[in-house]
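The values are calculated or read from the model by the stated rules, or taken from the named source; none is laboratory data. Since the model is a prediction, treat every value here as computed from it, not as a measurement. Glycine gets a Cβ as well: all are built from the backbone with ideal geometry, and neighbour counts include every protein chain shown.
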Amino acid sequence: MMICRSFWLARLLAAFALFVALNVRADENAKTDEGAEGDHKIAPLDIINIDVVGEKDLSKDNLRVSSSGTITFPFLGSVEVKGKTPAEVENLLKEQLGKDFLVNPQVIVTVKEYRSRTVSVIGQVNKPGNIALPAEQKMGILEAIAQAGDLTKSANKKRIEVSRKGKTQIFTLNDLKKDTSPEKKFWLEPGDVIYVHESFF
């Protein structure tokens, strides 16, 4: 009888833990949706937590993503997480663990710490330098310029360049103000360089 009670108590505790975790995750997603277009994708050197509900041996905290974008996970070996959102990694782990190891596994993935994510804003801004990209929110060109103290009086509002991986795009201030739709807006990525030219007229 004691063994039976212990078994059901353990099941109830596991169910309660899952309920709490899923509600926390739902609250976090709701907050994220208010300020961003979905979760940021996981990148190399990010630190993530993985909770497999009811399976302590499989749950991992402070798991750093390798420079190649993978993690090492029990039973599964190397798992590529680079370029995936936490929700996508959850689904991937659920699918792989459910194939041969667990019945209907419940997995919760959270990003504990993003790697350093910055863009450079230089040229005719009042405070040129590196700007940190928010961990849970996307940032556009105008937001980055505002973080850099806004444009100087000498700024050329018709020539704002953004360089990314050797390629450069040119924007005007008016165009940036018009592109308010999330689908059309140019979202910044780590390593981007914004250069505001000087106006000579």
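For I170, the requirement of being at pLDDT 95 or above and under 29 Å from K112 (Cα atoms) is not met. For first residues located in the range 165-178 and at negative phi, partners that are of a type outside the set (F, W, Y) and outside any strand (DSSP E or B) and lie 6+ apart or on another chain with Cβ distances below 8 Å form the pairs F171/I141; L176/I141; L176/L142; K177/L142. Flag set for D61, criterion: within 29 Å of G191 (Cβ to Cβ), at pLDDT 85 or above and outside the structural domain of A148 (by TED's automatic domain parsing).
When the residues of the range 123-150 are narrowed to those that are part of a strand (DSSP E or B) and crowded, with 20+ Cβ neighbours inside 10 Å, which ends up nearest to the chain's Cα centre (by Cα)? Before the answer, list the steps.
Step one: list which residues in the range 123-150 are part of a strand (DSSP E or B), which gives 123, 125, 129-132, 140.
With the extra rule that they be crowded, with 20+ Cβ neighbours inside 10 Å, the set shrinks to 123, 125, 131.
Values: G123: 28, V125: 28, I131: 17 Å.
Residue satisfying both the conditions and the ranking: I131.
Evaluate the following for I42: is it among the β-branched types (V, I, T), part of a loop (DSSP other than H, G, I, E, B) and either out of contact with any Cys (no Cβ under 7 Å at 6 or more places or on another chain) or surrounded by 17 or more Cβ atoms within 10 Å (Cβ to Cβ) (or both)? Explain how you work it out, then say what you get.
Values: among the β-branched types (V, I, T): yes; part of a loop (DSSP other than H, G, I, E, B): yes; either out of contact with any Cys (no Cβ under 7 Å at 6 or more places or on another chain) or surrounded by 17 or more Cβ atoms within 10 Å (Cβ to Cβ) (or both): yes.
In short, yes.
Can we say L102 is buried (at least 19 other Cβ atoms within 10 Å of the Cβ), more than 25 Å from G191 (Cβ to Cβ), at pLDDT below 95 and not β-branched (V, I, T)? So L102 fails the test.
Tell me, which residue of the range 105-122 that is in a strand (DSSP E or B) and not aliphatic (A, V, I, L, M) is nearest to V196 (Cα to Cα)? Walk me through how you get there before you give the answer.
Looking only at the range 105-122, we keep the residues that are in a strand (DSSP E or B), and these are 107-113, 118-122.
With the extra rule that they be not aliphatic (A, V, I, L, M), the set shrinks to 110, 112-113, 118, 120.
On the way: T110: 37, K112: 34, E113: 31, T118: 17, S120: 11 Å.
Once the filter is applied, the top-ranked residue is S120.
This table checks each residue for (1) within 27 Å of R117 (Cα to Cα); (2) out of contact with any strand residue (DSSP E or B) (no Cβ under 9 Å at 6 or more places or on another chain); (3) part of a helix (DSSP H, G or I); (4) modelled with pLDDT under 75.
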residue	(1), (2), (3), (4)
S6	no, yes, yes, yes
L9	no, yes, yes, yes
A21	no, no, yes, yes
R25	yes, no, yes, yes
E34	yes, yes, yes, yes
G38	yes, yes, no, yes
D57	no, yes, no, no
S66	yes, no, no, no
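Within the range 73-96, the set of residues being in a helix (DSSP H, G or I) and closer than 18 Å to L63 by Cα comprises P86, A87, E88, V89, E90, N91, L92, L93, K94.
Being more than 23 Å from D179 (Cβ to Cβ), in contact with a helix residue (DSSP H, G or I) (Cβ under 7 Å, 6 or more places away or on another chain) and free of Cβ contacts under 8 Å to residues at least 40 places away in the same chain, is that true of even one residue in the range 109-127? No, the range 109-127 has no match at all. Each residue in the range 110-140 was checked for being at pLDDT 95 or above and aliphatic (A, V, I, L, M), and 3 pass.
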